[in-house]
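The values are calculated or read from the model by the stated rules, or taken from the named source; none is laboratory data. Predicted, not measured: the structure shown is a model, and the values here were computed from it. Backbone-built Cβ (ideal geometry, glycine too); neighbour counts: all protein chains shown. Side chains are part of the model used for accessible areas, which takes the heavy atoms of the whole protein and leaves out ligands, DNA and RNA. Shrake-Rupley method; radii C 1.70, N 1.55, O 1.52, S 1.80 Å.
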Amino acid sequence: MMEQKYDIEIPRRLKNKLPDGSFVFSMLRNIEPLLKAINYFPEYTLHDSKHLENVLKISSDLIPEKTFKKLSKNSIEYLVAAILLHDLGMFISRDGLNNLIWGTQEYKCSTDLCAETWKELWQNYYSKAKKYNDKKLIEIFGDNQPVDQDIDNNVPEENTERQRLLFGDFLRQYHHRLAYEIAKQGFPGNEVIDVFQDSTITETDQEIIGIIAYSHGVDLRSTEQYIKHYPIDLTKICPIYYLMSVLRIADYLDILDKRAPENIRRKQRFHSPISQREYDLNQSVIDLSFVKEQKSYFVNADPECSTIFIYTQNTLKGIQNELDRCWAFLAENIIMTMSCPYIELQVIS
C-alpha cells in the first residue's frame with residue numbers, strides 16, 4: 001500500500017518510532033485543512049505547515065541518540081502531536097472566534113489551567129485595551145488611535161484591519177490555552193472539529209498532549225502544581241517535563257528566514273513595529289545548522305543595522321537562557337522524583 005502524503009513532513013527519525021497506527025496520522029488529515037488561512041495575524045511571521053515541519057526537525061535534533069533510545073514510542077507520539085497542535089489556535093476563523101467567546105465554546109473551562117471562561121478573558125483584555133497608552137497602541141497598530149469601542153459582545157461580520165490586529169493580539173496571548181482546549185475538546189469553528197477523529201486515543205493521552213502544547217506559552221514551573229495534583233501521575237507515563245522543554249526550545253529556535261519571506265515584507269507595510277522587527281530578525285538569519293559532533297546549533301546571521309544586530313544578539317541570549325532554565329527545571333524534577341531515566345537536551349552554542 002502506498003504511503004499517504006501529507007503537507008507536513010515528519011522527520012524520519014521521529015516517524016520511524018511512532019507506534020503502529022499512531023493517531024498522529026489521523027491528526028494530520030484533520031488539521032491540514034485548517035492551516036489554509038490565517039485570519040487574525042496578517043503581520044506575524046509564518047505559523048504554517050513549514051513552521052511545524054521546522055519545529056519537528058529541530059526537536060529531533062535536540063534529542064541526543066542515547067536519550068532518544070530511552071524515550072518510548074508513546075513519548076515520541078505525544079511530542080509530535082503537541083507540536084502539531086501548539087499554534088493551531090492561530091488559525092481560528094471569524095465563526096470560531098465568535099463561538100469561542102460568545103457562543104458554544106464560551107462556557108468550556110474544565111480545569112485549573114483554564115480558570116476563566118473565554119468571555120471573561122476577552123472582557124478583561126478588552127477593558128485594558130481601551131486604556132492602552134500611546135506606546136502600547138503603537139506596538140500593536142503602528143499609531144496611537146484608541147481601539148474600537150463597540151466590540152463588546154460579538155466579532156464583527158467584516159473585521160477592519162485594526163480589529164483583526166486587536167483580536168490577533170488577544171489570541172496571541174492565549175493561543176497556548178487554546179491549544180490545550182483543542183486537544184481536550186476540539187477546534188472551534190462554525191462547528192467543533194475533533195482533531196483526533198477516526199483515531200483511538202484516551203483522555204489521558206489528550207491531557208498529556210494538551211499540557212505539552214499549553215506549556216510553550218507559559219513558564220515551565222507554572223505547570224508543575226497542576227501536573228503534581230493531577231489524579232494520575234503523568235510523569236510515570238512519559239517524561240512530560242522533558243517533552244515540554246524540547247517543544248519550547250525548538251519553537252524558539254525556528255528563526256530561519258522561511259518564516260519571514262522577503263516578498264511579504266516588500267508587498268505590505270507593517271503597522272506594528274514589533275512585527276517589522278521580527279521580520280528583520282528572520283531576514284538577518286542566513287543559516288541555522290546543527291553540528292552533531294559538538295551537540296550544538298550554530299546561527300549565522302547578517303543583521304542589516306546595529307538595531308537588528310542587538311535584537312538578534314538578545315534573541316540568541318534569550319534562547320540560551322531558556323535552555324539553561326529548562327536544564328535546571330529538569331534536573332530538579334528528576335532528582336526529586338527519580339521517575340524517569342536521565343535525559344538531556346543538546347547544548348546550543
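Data for the structure
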| read-out | value |
| --- | --- |
| Number of the exception - residue 124 against (1) more than 28 Å from residue 250 (Cα to Cα); (2) modelled with pLDDT under 90 | (2) |
| Selection status of residue 171, aliphatic (A, V, I, L, M) and either over 18 Å from the mean Cα position of the chain (by Cα) or within 30 Å of residue 236 (Cβ to Cβ) (or both) | no |
| Of all residues in the stretch 270-286 being at pLDDT 70 or above and over 22 Å from the mean Cα position of the chain (by Cα), the one that is nearest to residue 314 (Cα to Cα) | 284 |
| Condition check for residue 307: out of contact with any Phe, Trp or Tyr (no Cβ under 8 Å at 6 or more places or on another chain), surrounded by fewer than 19 Cβ atoms within 10 Å (Cβ to Cβ), modelled with pLDDT of 75 or more and not small (Gly, Ala, Ser) | yes |
| First in the stretch 326-338 and modelled with pLDDT under 85, second anywhere and of a type in the set (S, T, N, Q), Cβ under 8 Å, 6 or more apart | 333/235; 337/235 |
| Unique residue being of a type outside the set (Ser, Thr, Tyr), open to solvent by less than 70 Å² (accessible area, probe 1.4 Å) and more than 22 Å from the chain's Cα centre (by Cα) when the list is 68, 91 | 68 |
| Residue list for the stretch 135-179, restricted to those being among the acidic types (Asp, Glu) and under 20 Å from residue 124 (Cβ atoms) | 139, 148, 150, 152, 169 |
